[in-house]
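Asker: I have a structure here, written as structure tokens, and I will follow up with some questions on it.
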Amino acid sequence: MEYVLETQDLCKRYGSFHALSGLNMAVPQGAIYGLVGRNGAGKTTAMRVLCGLQTPTSGQYRLFGCPGTSRQGARARRRIGAVVEEPAVYPELTGGENLEYQARVLGLPDRGEARQLLRLVGLSDAGGKKVRNYSLGMKQRLGIALALAGDPDLLVLDEPMNGLDPQGIIEVRELILRLNRERGITMLLSSHILDELSKVATHYGFLDSGRMLRQISAQELEQTCRKCLRLTVSDTLALSRALEKLGAEYTVLSDTQADVYARLNISKLTKALEGEGCELVGVQERDESLETFYVNLMGGERHD
Amino acid sequence: MINLLSAQFYRLRRDGLFWALSAAALALSAFNGWRVGADAALYKVQASLDKVYFDVSPMMALAYAVFTALFLGAEYGGGAIRGKLTVGKTRTQVYLANYCVCLGANLCLLLLTMLGGLTAALYLGGFTAGAGKVTLEILSCVFQCAALTAVFVALASLCTNRALGSAGALLLALGLILGASLIYNVLQEPDYTSEMIITIDGAVMGPKEPNPHYVAEPLRTIFRGLLYFLPTGQAILLANQGLAHPIWGMLCSLAIALGGNLGGILAFRRKDLK
């Protein structure tokens with residue numbers, strides 16, 4: 001698998017506070033990578049470091065295969081668009097002028113692209129309005145348009161849904177999906193709205209205290225979080241035989257427990273188990289979401 | 001770097017503050033020139049354009065401070081500075097582009113102030129000094145502008161709070177003006193003074209006595225050097241027709257501009273941006 005972004009033991013310290021403590025992360029090309037963690041877990045610090053706003057205390061990171069702190073890394077950064085925390089805009093300029101400004105920074109010859117980008121993010125009618133009069137959602141969308149100005153291969157968006165109304169959230173979500181599918185842009189997102197993140201992310205990274213707890217693909221997560229019935233029986237061997245006969249997909253967890261991924265008729269199952277000489281002790285319906293997975297992973301005891 | 005300059009000058013053209021300060025610089029210097037010239041003509045005071053033309057030059061430090069602090073403060077205020085760094089522009093490039101655009105704008109303010117000051121010529125006629133001397137004096141103002149801009153750019157680049165940065169720049173400008181003015185006044189103290197005694201025959205001068213406020217050597221040389229070193233000191237000397245060595249002044253300004261930029265770049269490169 002090709003990675004557009006890799007970090008190795010990345011550390012960032014502010015005085016005695018360790019914001020990142022040996023972060024290891026890999027963002028595959030074409031992925032929508034969701035960074036999940038509590039407040040202060042290090043998500044924004046990681047993004048700041050990766051965007052060149054802060055230098056790491058120790059450790060390394062690679063952007064498109066180039067060391068991030070080298071000259072090649074600075075050149076590779078040209079392929080990145082980012083909205084870290086607040087969108088980077090000049091409030092006294094209009095939306096169109098901000099895009100024109102960014103086009104000049106990037107040395108883009110075709111400045112007519114500003115109109116296309118405004119249309120893409122749904123700000124065609126507000127392009128001539130001063131940014132200081134924009135709503136939070138409009139600023140967020142303008143920030144994304146600015147990040148897209150250089151036709152980037154990697155888009156870094158820190159809390160892109162923050163402060164948006166439900167309609168705004170839907171629009172930004174659809175924009176993220178469209179950019180990923182149509183333009184093949186790899187995305188690195190962080191969000192507190194796990195339900196929203198689960199609608200777009202193809203990969204997840206769970207951060208806690210500046211460390212990566214776990215990286216998992218959406219597919220793997222789906223496997224882990226599949227709806228299932230957890231059966232507790234006297235003998236899982238006998239249960240297996242019964243489930244084979246019923247044609248149900250299952251995973252044996254222990255001598256007495258198994259997860260069944262099928263809608264089962266409990267009466268039929270009980271009958272089948274009786275035939276195998278097995279006793280059904282308990283049935284529990286399990287429906288684990290990203291949220292419950294996150295809570296289980298983090299422990300859920302701290303709320304800072 | 002060229003791209004950054006193109007972008008920054010594009011923003012400057014749309015900056016309301018810049019146009020407001022330009023209009024104010026032109027209007028105030030034109031009014032001041034007209035007022036000084038008209039007063040000289042009305043009261044039949046012996047004056048020439050040379051004597052009044054650089055009157056406002058010490059105050060230019062305030063205009064440079066206000067513009068630089070507010071213009072660069074917007075880089076942090078809206079977080080726009082991140083937009084440049086995330087696309088691979090180096091901090092040195094960003095800093096130098098900021099310096100160049102602020103220098104351009106401040107020189108524009110200086111030019112407009114000088115143009116406005118020419119209204120005094122309506123009453124006082126042209127310069128009496130030679131073209132070479134006037135050119136050197138104008139060049140001295142340009143170098144002072146470069147030096148002060150470097151100092152204010154460094155301050156604005158290192159202070160992320162726009163309000164704090166602006167207040168700091170204003171206070172620094174005032175401090176530089178007042179400090180230089182204080183040194184100038186101290187140096188103007190005569191070595192001996194004599195009291196005026198009123199008698200029935202009229203006023204007569206008393207015996208000469210050493211002036212306790214007179215600054216003797218070697219402190220006098222240090223103060224004179226400091227006055228030449230400070231851009232605001234040079235401006236005060238210029239306003240009082242006392243800038244005897246403009247080349248030295250320019251070299252000092254150049255040293256401040258280079259030192260300010262170098263120090264500013266080094267500190268800016270280490271700064272964590274949020």
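The values are calculated or read from the model by the stated rules, or taken from the named source; none is laboratory data. In this text, all values refer to a predicted model and were calculated from it rather than measured experimentally. Cβ: placed from backbone, ideal geometry, glycine included. Neighbour counts: every protein chain shown. The protein model used for the area step is the full one, side chains on, heavy atoms only, and it has no ligands, DNA or RNA in it. Shrake-Rupley method; radii C 1.70, N 1.55, O 1.52, S 1.80 Å.
Asker: Out of curiosity, is A:Glu291 farther than 24 Å from A:Met25 by Cα and either out of contact with any strand residue (DSSP E or B) (no Cβ under 7 Å at 6 or more places or on another chain) or in a helix (DSSP H, G or I) (or both)?
Answerer: Working: farther than 24 Å from A:Met25 by Cα: no; either out of contact with any strand residue (DSSP E or B) (no Cβ under 7 Å at 6 or more places or on another chain) or in a helix (DSSP H, G or I) (or both): yes.
No: the conditions fail for A:Glu291.
Asker: Okay, next question. Return the residue satisfying two criteria in turn: it lies in segment A:254-288 and is in a loop (DSSP other than H, G, I, E, B) and at pLDDT below 85, and of such residues it is most open to solvent (accessible area, probe 1.4 Å).
Answerer: Checked segment A:254-288; the qualifying residue most open to solvent (accessible area, probe 1.4 Å) is A:Arg263.
Asker: Same structure, new question: Only one residue in A:Arg48, A:Arg79, A:Arg75, A:Arg71 is open to solvent by less than 40 Å² (accessible area, probe 1.4 Å), under 24 Å from B:Gln8 (Cα atoms) and within 11 Å of chain B (Cβ to nearest Cβ). Which one?
Answerer: On the way: A:Arg79 fails: open to solvent by less than 40 Å² (accessible area, probe 1.4 Å); A:Arg75 fails: open to solvent by less than 40 Å² (accessible area, probe 1.4 Å); A:Arg71 fails: open to solvent by less than 40 Å² (accessible area, probe 1.4 Å).
Only one candidate passes the filter, namely A:Arg48.
Asker: Right, next: Give me the pairs: first residue in segment A:237-263 and without any contact (Cβ under 8 Å) to a residue 40 or more places away in the chain and among the polar types (S, T, N, Q), second residue surrounded by 15 or more Cβ atoms within 10 Å (Cβ to Cβ) and part of a helix (DSSP H, G or I), beta-carbon distance under 8 Å, and six or more apart or on different chains, which are they?
Answerer: A:Ser254/A:Thr236; A:Thr256/A:Thr236; A:Gln257/A:Thr236
Asker: Residues that are open to solvent by 50 Å² or more (accessible area, probe 1.4 Å), β-branched (Val, Ile, Thr) and part of a helix (DSSP H, G or I): does segment B:33-41 have at least one?
Answerer: No: segment B:33-41 contains no residue that is open to solvent by 50 Å² or more (accessible area, probe 1.4 Å), β-branched (Val, Ile, Thr) and part of a helix (DSSP H, G or I).
Asker: From A:Asp153, A:Asp158, which residue is among the charged types (D, E, K, R), within 11 Å of chain B (Cβ to nearest Cβ), in contact with a strand residue (DSSP E or B) (Cβ under 8 Å, 6 or more places away or on another chain) and buried (at least 17 other Cβ atoms within 10 Å of the Cβ)?
Answerer: A:Asp158
Asker: Quick one: which helices (runs of 4 or more DSSP H) sit completely within segment B:184-274 and have at least 1 residues that are closer than 24 Å to B:Ala146 by Cα and within 14 Å of chain A (Cβ to nearest Cβ)? Show your work before the answer.
Answerer: Values: elements: B:219-229, B:231-239, B:246-270.
Per the criteria, B:246-270.
Asker: Do the conditions hold for A:Ala114, that is, is it at pLDDT 85 or above and open to solvent by less than 40 Å² (accessible area, probe 1.4 Å)? So that I can check it myself, show each step before the final result.
Answerer: Working: at pLDDT 85 or above: no; open to solvent by less than 40 Å² (accessible area, probe 1.4 Å): yes.
Spelling it out, it is not the case that A:Ala114 is at pLDDT 85 or above and open to solvent by less than 40 Å² (accessible area, probe 1.4 Å).
Asker: Okay, next question. Are any of the residues in segment A:176-189 open to solvent by less than 10 Å² (accessible area, probe 1.4 Å), in a helix (DSSP H, G or I) and on the phi < 0 side of the Ramachandran plot?
Answerer: So far as segment A:176-189 goes, yes, one or more of its residues are open to solvent by less than 10 Å² (accessible area, probe 1.4 Å), in a helix (DSSP H, G or I) and on the phi < 0 side of the Ramachandran plot.
Asker: Same structure, new question: Could you tell me whether B:Asn98 is within 14 Å of chain A (Cβ to nearest Cβ), open to solvent by less than 10 Å² (accessible area, probe 1.4 Å) and in contact (Cβ under 8 Å) with a residue 12 or more places away in the chain?
Answerer: Answer is yes for this residue.
Asker: Quick check on segment A:33-41. Is at least one of its residues within 14 Å of chain B (Cβ to nearest Cβ) and of a type in the set (Ser, Thr, Tyr)?
Answerer: Looking through segment A:33-41, none of the residues is within 14 Å of chain B (Cβ to nearest Cβ) and of a type in the set (Ser, Thr, Tyr).
Asker: If we scan segment B:52-67, do we find a residue that is within 13 Å of chain A (Cβ to nearest Cβ) and touching a residue at least 60 places away in the same chain (Cβ under 8 Å)?
Answerer: Within segment B:52-67, not a single residue is within 13 Å of chain A (Cβ to nearest Cβ) and touching a residue at least 60 places away in the same chain (Cβ under 8 Å).
Asker: Now for a separate question. So which residues in segment A:159-174 are acidic (Asp, Glu) and either touching a helix residue (DSSP H, G or I) at 6+ places or on another chain (Cβ under 6 Å) or touching a residue at least 12 places away in the same chain (Cβ under 8 Å) (or both)?
Answerer: Within segment A:159-174, A:Glu159, A:Asp165, A:Glu171 meet the criteria.
Asker: Just one of A:Val83, A:Val49, A:Val156, A:Val121 is within 22 Å of A:Leu197 (Cβ to Cβ), in contact (Cβ under 8 Å) with a residue 12 or more places away in the chain, of a type in the set (Val, Ile, Thr) and out of contact with any helix residue (DSSP H, G or I) (no Cβ under 9 Å at 6 or more places or on another chain); which is it?
Answerer: On inspection, the qualifying residue turns out to be A:Val49.
Asker: I need a count of the residues in segment B:69-126 that are closer than 29 Å to A:Arg77 by Cβ, assigned to a loop (DSSP other than H, G, I, E, B) and in contact with a helix residue (DSSP H, G or I) (Cβ under 8 Å, 6 or more places away or on another chain).
Answerer: Matching residues across segment B:69-126 total 6.
Asker: Shifting gears a bit: Being of a type in the set (S, T, N, Q) and open to solvent by less than 30 Å² (accessible area, probe 1.4 Å) is true for just one of B:Ser57, B:Ser6. Which residue is that?
Answerer: Of the residues listed, the single one that is of a type in the set (S, T, N, Q) and open to solvent by less than 30 Å² (accessible area, probe 1.4 Å) is B:Ser57.
Asker: Which of the residues spanning segment A:129-153 are touching a Lys or Arg at 6+ places or on another chain (Cβ under 7 Å) and touching a residue at least 60 places away in the same chain (Cβ under 8 Å)?
Answerer: Scanning segment A:129-153 gives A:Gly150, A:Pro152, A:Asp153.
Asker: In segment A:119-128, is there at least one residue being facing chain B (nearest Cβ under 10 Å), over 30 Å from A:Gly65 (Cβ atoms) and not β-branched (Val, Ile, Thr)?
Answerer: Scanning segment A:119-128 turns up no residue that is facing chain B (nearest Cβ under 10 Å), over 30 Å from A:Gly65 (Cβ atoms) and not β-branched (Val, Ile, Thr).
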